[in-house]
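Down below is the structure, laid out as structure tokens.
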Amino acid sequence: MTKGCTKIYFFIFLLTISSELLAQRSSRERINIDTDWRFALGHAADPVQDFNFKVANIFSKTGKAEDTPISPKFNDSTWRQLDLPHDWVVELPFENVDNFDLMAHGYRPVGGLFPENSVGWYRRNIELTKADSGRRLAVTFDGVFRDAMVWINGFYLGNNESGYMGVTYDITDYVNFDGNNTLVVRVDATQAEGWFYEGAGIYRHVWLQKYDNLHIAEGGQFVYAEVKENVAKIFIETTVENQTLGNASGQVSAFITDRDGKKMGSAKSVEVTLALNGQTTVKQEIVLTDPRLWSLEDPYLYRVTSQVSNGSTILDHLTTRFGVRTILIDDKKGLSINGKFIKVQGVNCHQDHAGVGSALPDYLQYYRIQLLKEMGVNAYRASHNPPTPELLEACDSLGMLVLDETRLLNSSPEHMDQFERLIKRDRNYPSVFLWCIGNEEGYVQTTSVGKRLALTMLAKQRELDPTRTSTYAADLANVFKGINEVIPVRGFNYREKGMVPYHNDHPTQPVIGTEMGSTVTTRGIYEVDSVKGYVPDQDITHPWWASLAEDWWPIAADNDWLLGGFVWTGFDYRGEPTPFQWPNINSHFGIMDVCGFPKNIYYYYQSWWTDKDVLHISPHWNWAGKEGEIIDVWVNSNADEVELFLNGKTLGKKVMPRNSHLQWQVAYEPGSLKAIATKNGRTYEAVMETTGEAHQIVLTPDRNIVTADGKDATVVNVTVLDNRGREVPTANHLVAFSLEGDASIIGVGNGDPSSHEPDKMDVGDYRRSLFNGKCQMILQAGNDPGKVMVNATSAGLKSATVSIQLVKTNNNLLGKR
Ligand code: GAL
């Protein structure tokens, strides 16, 4: 390390906690238990409507559960039957109540003012057999919003406060091995955790795990690599735990395969002898010569297996996908992956999507990450909470860096435990390049309390994951006080003009933009409408604390020491309807709307974040009644020069300024606007035409082949064309959907931030208005292979039908590799 130059090296690689199931009865099994739950709303204020909870004295004796749904004898046959993931808030109608939190959460009536909608009960049977006896059994919840109390067979297992961090409970001592077992969860979403839509319910997966009494501990596998030239040393740390009720011994071994299962190396097995309730961590090394590195362009994943055996019997094993890669954060040159310096072209995202709220089928994680990649995004900030593991699996599989964030800056036992669970869960994913210990903690960020909280959390991070470092998202300009004094990578939320002075004053502290830009735009809208709550779809409007795309990106592009930044936000999300309130129910910050339809600013970022030939004209050219009026035409492109033509007449050629855009003032006449771009001597063109009336519906499924597993899904995007086949950008028709075949519609959306149409409807009733020419339907597969016909109709329009094939396959069709 040279003097005056801070270099933080990480030899990373890691992985996804995707355990592959071995068939042996004695080895680990991880079984998804998302199906066949019963659900009912309880009540946060009325004990009777909350099924006697709070009046039944359930804690006086262990297993006491009478007269509540906690009891295995409770009759839940009138409760609703559903499969997870489930978010009950997205099913509620909007309510306009003057309350900050309600507005910030998207005007869905949940929280302290709405006790009738704030408690949800879930029940499920788990069937076991005598063959399970003698093993350890555990249930894992990937995420429940929030304050979940969990019981099995009437016995209390615990309370997971976090709405984002998952939890595992050992259920071995309580279960019946010859039949039914009742798992019960009471979810209490009365308190919020954020200031954005959070949903409520068991909105991530639930797993039943079975493993030996001598086993790998929860979070007890840590894989990382050190790469020198063409040799990677893979370090595998396996923590083994003895719950046999006596002393136990065994052998711990590890091996690596490539993604096709070919063995690439193995480590000598190590003998372990553990006392009663003992734990030990075995450290092993495997060398890979000429490893195929994990990168954004080629996100190659190996598999590492840790195994605990007793002689020839495998007692436990855990297989994790991992990537071999290096990360270096340099205070002068920024971020390098595998020795190549790259700029962080990032976006912040919350976790909800159109139609489904926060209960996303895994498919949507891949859909969203793929959309971001096409735009040129290379990094995702999981603001402001631990993401679902499937999001990280998608980022590992598709090649996207992740800034992984804990919910709260706090060193209390509860929050340190959440932070510890987060790091142990996520430290093997190669996509995770940096931790974030908090966001805009205004009560403490410049105080000595803030500094102490940060130091305690940073020490925990280094203890559990010495291969990475952390940032903190500060809404402070050139301020070096409190948390900023001790944070290894200084994060800026907005205030980008403070970055250069800050860097000049603290040149050895790397800097990253944790929230940048923050233009507010409504897709396809070109005038402020304060009644409907719309803002123009151009890079011109931002809240006072933030700035435009063209304010921050040139600073990042021009300064090597600046790692880059994360735009606020990649997609619109429910809640935070800045700069308006009701009737707005979702944010306008997205580069794409809640469905993932691009707004015009998408093309600004795509121009400067990719090498694609971008040439995009806005606005649309349907301005009947505005003939002769001046229209502000924007062209986004990364060409050298662009010439614009209206109905064949040139409006002039202009040089494209780097990291900016071009504008022409054009007197409207219907017809066609054409842009001809020149780049390195080549030309290409884009055309925007005045269209006729809408004539026919077009359905565009993202995928035509979907797995028939009851979980897989596809987005079906809807547009309308005029009678010459041109998309009509102003159409707002109501489109009704129907299906034939084994599939269901799980939600609809259109990106209109003021739409109060429902996202969820009764089967058979699904319909949604187009918003500026587009809407979206999300279809989920059933279990029967075959054809599903999707039909869409609208009064006065030619209807559309597409077919989607449901197939039985063991191949992962999502792109998980
Ligand atoms: C930031 C905050 C984000 C979001 C954003 C809206 O201050 O960290 O969560 O609220 O403002 O502009």
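The values are calculated or read from the model by the stated rules, or taken from the named source; none is laboratory data. Just so you know, these numbers come straight off a predicted model, no measurement behind them. We place every Cβ from the backbone using ideal geometry, glycine too, and count neighbours over all the protein chains shown. SASA here: full protein model, heavy atoms, side chains in, ligands and nucleic acids out. Shrake-Rupley method; radii C 1.70, N 1.55, O 1.52, S 1.80 Å.
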Report the label-to-label distance for LYS333 and TRP545 in nanometres (one decimal), using points 7 Å from each Cα along the Cα→Cβ vector.
-> 3.6
Filter the trypsin sites (Lys or Arg not before Pro) in region 614-709 down to the DSSP loop ones having no more than 12 other Cβ atoms within 10 Å, then list what survives.
-> ARG658
Taking θ as phi - 60°, what are the ³J(HN,Hα) couplings along region 537-547 by the Karplus curve (6.51, -1.76, 1.60), each to the nearest whole Hz, with x for Gly and Pro?
-> 7, 9, 7, 10, 10, 8, x, 4, 7, 10, 7
Rough spin-label spacing in nm, given labels placed 7 Å along Cα→Cβ, for SER60 and ASP558 | 7.4
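Which value, in debye to the nearest 20, gives the size of the charge dipole of the chain about its Cα centre, when Lys and Arg are +1 and Asp and Glu are -1 at the Cβ?
For the chain, the charge dipole is close to 1960 debye.
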Could you give the length gained on full extension between HIS506 and SER249, defined as 0.36 nm per residue of separation minus the Cα-Cα distance, in nm?
-> 87.2 nm
The answer for the chain, accessible area per residue at 1.4 Å probe in Å², is 37
Counting only protein heavy atoms with a 1.4 Å probe and every protein chain in place, the carbon and sulfur fraction of the accessible surface of region 696-807 in whole percent equals 46
Going by average Cβ neighbours within 10 Å, how do the peptides 79-86, 509-516 rank, with the highest at the top?
-> 509-516, 79-86
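Can you list which of the trypsin sites (Lys or Arg not before Pro) found in region 179-278 are DSSP loop residues with at most 10 other C-beta atoms within 10 Å?
Hits after loop and neighbour filter: LYS262.
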CYS436's amide H: which non-local residues (gap 5+, or another chain) put their own amide H closer than 5 Å, with H modeled 1.01 Å from N in plane and none for Pro or chain starts?
-> ASP404, GLU405, THR406, THR471
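For a quick protection proxy, order the peptides 386-394, 414-422 by their average other-Cβ count within 10 Å, most packed first.
386-394, 414-422
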Set of region 754-773 residues, backbone N closer than 20 Å to the point 7 Å along the Cα-Cβ line of THR793 | 761-770
Compute the signed sum of charges (Lys and Arg +1, Asp and Glu -1) over the other residues within less than 13 Å, Cβ to Cβ, of ASN159.
-> -3
How large is ³J(HN,Hα) for each residue in region 252-265, as worked out from phi by the Karplus curve 6.51 cos²θ - 1.76 cosθ + 1.60 (θ = phi - 60°), to whole Hz, x for Gly and Pro?
-> 10, 10, 8, 8, 10, 10, 7, 6, 9, x, 6, 5, 10, x
Unsatisfied cross-links (Cα-Cα over 22 Å) in the set LYS649/LYS774; LYS654/LYS774; LYS451/LYS497; LYS343/LYS612; LYS787/LYS816; LYS233/LYS263 = LYS649/LYS774; LYS654/LYS774; LYS451/LYS497; LYS787/LYS816
Apply the Karplus parameterisation 6.51 cos²θ - 1.76 cosθ + 1.60, with θ equal to phi minus 60°, to every residue of region 592-598 and state each ³J(HN,Hα) to the nearest whole Hz, in sequence, with x for glycine and proline.
-> 10, 7, 5, 8, x, 7, x
Say R0 is 22 Å: what FRET efficiency, to the nearest 0.05, do SER448 and GLU414 get from their beta-carbon distance?
-> 0.50
Solvent accessible area, Å² - LYS283, 1.4 Å probe, full protein context = 150
Nearby lysines by direct alpha-carbon distance to LYS64 (threshold 30 angstrom, same-chain neighbours under 8 apart not counted) | LYS54, LYS73, LYS130, LYS210
Whenever you get a sec, line up ARG425, ARG292, ARG495, ARG452 from highest to lowest accessible area (probe 1.4 Å, protein heavy atoms).
-> ARG452, ARG292, ARG495, ARG425
Net lengthening on full extension, LYS263/ASN723 (0.36 nm per residue, minus Cα-Cα) | 159.8 nm
For PHE255, PHE433, what's the largest-to-smallest order of accessible area, 1.4 Å probe?
-> PHE255, PHE433
Residues LEU455 and LYS228, FRET efficiency given R0 of 30 Å [Cβ-Cβ distance, rounded to 0.05] = 0.40
Highest-first arrangement of 615-623, 434-442, where packing means the average Cβ count within 10 Å | 434-442, 615-623
What net charge do the residues around GLY692 carry, taking every other residue with its C-beta under 14 Å from that of GLY692, with Lys and Arg at +1 and Asp and Glu at -1?
-> -1
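Out of the total accessible area of region 623-689 (probe 1.4 Å, heavy atoms of protein only), what percent is carbon and sulfur?
In region 623-689, the share of accessible area belonging to carbon and sulfur is 52 percent.
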Summing +1 per Lys or Arg and -1 per Asp or Glu among the other residues with Cβ less than 13 Å from PRO729's Cβ gives -1
Accessible area, 1.4 Å probe, largest first: how do GLU297, GLU161 sort?
-> GLU297, GLU161
What's the extension gain from ALA131 to TYR684 if we count 0.36 nm per residue and subtract their Cα-Cα distance?
-> 192.4 nm
For LYS626, counting only aspartates and glutamates whose alpha-carbon sits under 12 Å away and dropping same-chain residues fewer than eight positions off, the answer is GLU669
